[in-house]
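Contents: one structure, followed by commentary.
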Amino acid sequence: MRAAAKPRRRIWPWILGAILAISATIILVSILNGTWGSSLPTATPTPSTPSSEVPDDVEPTGCLGGSTRDADMVLEAQASAPQTANGAVEVAAAFVRWLNRYPYPTSSDIQKVETSGISVDAPTQDVAAFFAGSPNLSGGLVPDGVEYSLSTLPGVYNIESSSQKDVTVSVGTALVVDGALSPTLKGSITVHVTWEDQVWKFVSSEGTRTTEDLYAIGKPFTAGC
């Protein structure tokens with residue numbers, strides 16, 4: 001992690017965005033410098049360019065680490081994922097499921113992820129400060145105080161770029177509101193992870209593809225949860 005002498009910042013810029021859709025309407029929601037609601041320009045879709053240096057392996061399940069949404073799930077996904085593009089996809093999906101929900105992760109969970117799950121290349125590791133601001137991570141699609149989470153069933157992914165050390169992948173998920181999987185609410189977020197300390201660690205995320213685009217080109221997870 002970062003040297004102790006380096007001051008922590010209160011803003012959490014490594015979460016930059018998520019795109020959510022209701023039925024045929026695409027709603028762009030972003031977290032930019034810790035603030036939801038500002039629009040990001042829709043990126044022009046570009047073909048995936050996985051590196052030939054990354055060997056093929058088992059296709060991502062979208063559920064590596066288990067179906068829970070706690071820190072142990074994230075750490076198990078990290079420990080189990082190989083140094084391949086598909087392994088990186090699994091860890092990215094685990095972070096998406098852990099982070100984007102309400103109620104928020106517990107303080108002990110946040111500490112575990114800060115300690116073991118965040119790359120030294122991430123702009124900050126102060127996850128607790130972000131949640132202290134009580135953000136509505138659904139961008140208002142789910143009312144404040146209503147329980148929700150993201151599910152990779154049905155879910156898709158698209159590897160945007162990859163190498164032995166760095167992988168960027170777009171993850172498509174569905175919203176689960178009050179325990180019920182929504183037939184219409186879906187999200188798209190692009191995650192960058194890096195190979196560090198013999199595991200994949202989270203660096204940043206942003207909204208780069210619309211939900212419609214991602215679900216049109218993405219590969220489905222083989223299981224999902």
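Scanning the range 122-143 for residues that are under 30 Å from Asp197 (Cα atoms), at pLDDT 90 or above and surrounded by 15 or more Cβ atoms within 10 Å (Cβ to Cβ) yields Ala122, Asp126, Val127, Ala128, Ala129, Phe131. Applying a threshold of 8 Å to beta carbon distances and a minimum spacing of six or more residues, or different chains, the list of pairs starting in the range 186-212 at a residue that is more than 12 Å from Thr173 (Cβ to Cβ) and ending at one that is of a type in the set (D, E, K, R) and in a loop (DSSP other than H, G, I, E, B) reads Thr190/Arg209; Thr194/Asp121; Thr194/Lys165; Trp195/Lys165; Glu196/Asp121; Val203/Asp121. Within the range 173-210, if we keep just the residues that are among the hydroxyl-bearing types (Ser, Thr, Tyr) and more than 14 Å from the chain's Cα centre (by Cα), the residue that is surrounded by the most Cβ atoms within 10 Å (Cβ to Cβ) turns out to be Thr210.
Scanning the range 49-88 for residues that are aliphatic (A, V, I, L, M) and either at pLDDT 95 or above or surrounded by 21 or more Cβ atoms within 10 Å (Cβ to Cβ) (or both) gives Leu64, Ala71, Met73, Val74, Leu75, Ala77, Ala79, Ala81, Ala85, Ala88. Within the range 167-188, being hydrophobic (A, V, I, L, M, F, W, C) and closer than 15 Å to Pro154 by Cα holds for Val171, Ala174, Leu175, Val176, Val177, Ala180, Leu181, Leu185.
For the range 196-225, filtering for residues that are within 15 Å of Ile159 (Cβ to Cβ) and either touching a Lys or Arg at 6+ places or on another chain (Cβ under 6 Å) or among the aromatic types (Phe, Trp, Tyr) (or both) leaves 2. Considering every residue within the range 164-185, establish whether at least one is assigned to a loop (DSSP other than H, G, I, E, B), more than 23 Å from Ser67 (Cβ to Cβ) and either touching a residue at least 24 places away in the same chain (Cβ under 8 Å) or in contact with a strand residue (DSSP E or B) (Cβ under 9 Å, 6 or more places away or on another chain) (or both). Scanning the range 164-185 turns up at least one residue that is assigned to a loop (DSSP other than H, G, I, E, B), more than 23 Å from Ser67 (Cβ to Cβ) and either touching a residue at least 24 places away in the same chain (Cβ under 8 Å) or in contact with a strand residue (DSSP E or B) (Cβ under 9 Å, 6 or more places away or on another chain) (or both). Scanning the range 109-143 for residues that are outside any helix (DSSP H, G or I), β-branched (Val, Ile, Thr) and free of Cβ contacts under 8 Å to residues at least 60 places away in the same chain yields a single hit, Val142. Flag not set for Val146, criterion: crowded, with 22+ Cβ neighbours inside 10 Å, outside any strand (DSSP E or B) and over 13 Å from the mean Cα position of the chain (by Cα). Taken over the range 91-122, the criterion of being in contact with a Ser or Thr (Cβ under 7 Å, 6 or more places away or on another chain) and hydrophobic (A, V, I, L, M, F, W, C) is satisfied by Ala93, Val96, Ala122.
In the range 89-115, the residue that is surrounded by the fewest Cβ atoms within 10 Å (Cβ to Cβ) out of those that are touching a helix residue (DSSP H, G or I) at 6+ places or on another chain (Cβ under 7 Å) and under 15 Å from Ser204 (Cα atoms) is Glu114.
The values are calculated or read from the model by the stated rules, or taken from the named source; none is laboratory data. What you see is a predicted model, and the numbers here were worked out from it, not measured in a lab. Positions of Cβ are generated from backbone atoms using ideal geometry, with glycine treated the same way; all protein chains shown enter the neighbour counts.
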